[in-house]
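The values are calculated or read from the model by the stated rules, or taken from the named source; none is laboratory data. Everything numeric in this text was worked out from a predicted model, so none of it was measured. Here the Cβ positions follow ideal geometry from the backbone for every residue, glycine too, while neighbour counts run over all protein chains shown.
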Amino acid sequence: MPVLDASVVVDCIAPDVAVASPALRTLARLSTEGAELIGPRLLLSECADALLTGVRKGRFYQEFGPASRAGTADREALAAIFAKHDMALLGPPMTAD
């Protein structure tokens, strides 16, 4: 079972990452194979930290800052931000485990 790394998750939403990037190609392949992905307990915290850093450096949209700084992932708030920028947040909500 593949383990999802925060860098891969961040690459999926980063506006400056090409569709042909290794991370996105790997996720596309795993999706086609129907692979079940797992992530470490710190995945949400690591992604939130990367988003916050990316906002500060101008890599991500400013709206991600407050949403990630809250310390908890509010799926509806994040989905609304994605939708505003013509992106979609896919998949079921992740659990803490």
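Structure summary
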item	result
Residue ID - farthest from Ala80 (Cα to Cα), chosen from residues in region 31-44 that are touching a residue at least 12 places away in the same chain (Cβ under 8 Å) and assigned to a helix (DSSP H, G or I)	Leu43
Members of region 3-25 found to be closer than 20 Å to Gly58 by Cβ, touching a Gly at 6+ places or on another chain (Cβ under 8 Å) and part of a loop (DSSP other than H, G, I, E, B), listed by number	Ala14
Sole exception among (1) within 15 Å of the chain's Cα centre (by Cα); (2) at pLDDT 75 or above for Arg75, by number	(2)
Test for Ala28: is it part of a helix (DSSP H, G or I), buried (at least 16 other Cβ atoms within 10 Å of the Cβ) and modelled with pLDDT of 80 or more	no
Sole exception among (1) modelled with pLDDT under 85; (2) crowded, with 17+ Cβ neighbours inside 10 Å for Ala6, by number	(1)
Hey, Leu89 at pLDDT below 80 and either among the hydroxyl-bearing types (Ser, Thr, Tyr) or within 13 Å of the chain's Cα centre (by Cα) (or both) or not	yes
